[in-house]
1. List pairs: first residue in the range 108-122 and part of a loop (DSSP other than H, G, I, E, B), second residue open to solvent by 40 Å² or more (accessible area, probe 1.4 Å) anywhere in the structure, Cβ distance under 6 angstrom, at least six positions apart or on different chains.
2. Here are some conditions: (1) out of contact with any Gly (no Cβ under 6 Å at 6 or more places or on another chain); (2) part of a helix (DSSP H, G or I). Residue 316 meets all but one. Which one does it not meet?
3. Among residues belonging to the range 250-305 that are touching a Phe, Trp or Tyr at 6+ places or on another chain (Cβ under 6 Å) and modelled with pLDDT under 95, point out the one that is farthest from residue 55 (Cα to Cα).
4. From the list 66, 94, 70, 85, which one is under 30 Å from residue 250 (Cα atoms) and in contact with a helix residue (DSSP H, G or I) (Cβ under 8 Å, 6 or more places away or on another chain)?
5. List the residue pairs whose Cβ atoms are under 7 Å apart, where the first residue sits in the range 192-219 and is basic (Lys, Arg), the second is modelled with pLDDT of 95 or more and in a loop (DSSP other than H, G, I, E, B), and the two are 6 or more positions apart or on different chains.
6. Within the range 262-284, can you find the residues that are crowded, with 24+ Cβ neighbours inside 10 Å and basic (Lys, Arg)?
7. Quick one: is residue 174 in a helix (DSSP H, G or I) and either surrounded by 17 or more Cβ atoms within 10 Å (Cβ to Cβ) or of a type outside the set (Gly, Ala, Ser) (or both)?
Amino acid sequence: MAVFTPVSLDDLTDWMPQFNLGKPLAIKGISSGIENTNFFLTTEAGEYVLTIFEKLTFAQLPFYLHLMRHLAERGVLVPAPVANHAGEILHSLHGKPASIVTKLEGSSQLAPRPVHCAAVGAMLAKMHLAGQDFGIRQPNLRGLDWWRMTTPTVLPYLSESNQHLLRSEVHAQEAFAASTTYRELPHGPVHADLFRNNVMFDGERLTGFFDFYFAGCDTWIFDVAVTVNDWCIDLDSGALDNARARALLDAYHAVRPFTAAEQEAWRPMLQAGALRFWLSRLYDFYLPREAEMLTPHDPTHFERILRQRIDNPVPELF
């Protein structure tokens, strides 16, 4: 992710002894993403990821870190937070919240085939079920309330056509969120950002989900929609690839069967998933923060996806 807070090996000399990881040997900034500061950290004990949180607070972070530990303990392939000698998994570095987690093996699969999408669907369903008994509740902080708050901020930067699209979709999502169908949707902790670059593979074997720092409690079908909108599309047009979508949905359904309410909600949730990331990319593009390595994403990508979901058929859930 973007490097907002530089960290050197010298900075870690006095900080690392609280962990049972030996001496730090190397640290390298990670340049993808725009929310936190991430580093690959090599120590005498192995390879890890160090994160410094730039927006999330000490009060908010226990949800994310304890969710990761909860899922890891139940066999979901996620990075495990590293505790210090006092058993704490949330730390402070340069006056900001920080964590160290285990580094997953493998690499991101940026050109997925149906076999990769099926593995993602099955693990996502397993993750949703494993999170049912997680004791901390926190809303999706990039949900409907955030869409309402952010829309007036980005509207002045948009063309008349895109202003109309944004207003009409937010109104449609408000109406759907007030519906009986929405209230019947299964919900719980969700990843909410399960893009291709947040999943690791070794060949066709899925080795883990990571970057849970947009997680929150929301409908499970919203999480599926966000995932399909990245894993199962043509990147140039935003159109759905039916073979990949079918593979992901069938694999998910085999682990955690979809409900009739989720089938009814499927198109609105695909649109919601596109809206959420169109809005966040608009905000980051037009109102960027300074960082050493900042690469804001093109917001037109999710504008295309949103228009595709509104105008074209979508596959049945089951």
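The values are calculated or read from the model by the stated rules, or taken from the named source; none is laboratory data. Fair warning: this is a prediction, and the values are worked out from it, not measured in the lab. All Cβ positions, even for glycine, are placed from backbone atoms using ideal geometry, and neighbour counts span all protein chains on display. Surface areas here come from the heavy atoms of the whole protein model, side chains and all, with no ligands, DNA or RNA. Shrake-Rupley method; radii C 1.70, N 1.55, O 1.52, S 1.80 Å.
1. As it stands, the answer is 108/197, since those pairs meet every condition given.
2. Result: residue 316 passes all but (2).
3. Restricting to residues being touching a Phe, Trp or Tyr at 6+ places or on another chain (Cβ under 6 Å) and modelled with pLDDT under 95, the top hit is 286.
4. Only one candidate qualifies: 70.
5. Correct list of pairs: 196/108; 196/109; 196/110; 196/112.
6. Within the range 262-284, 276 is the sole residue that qualifies.
7. The answer is yes for residue 174.
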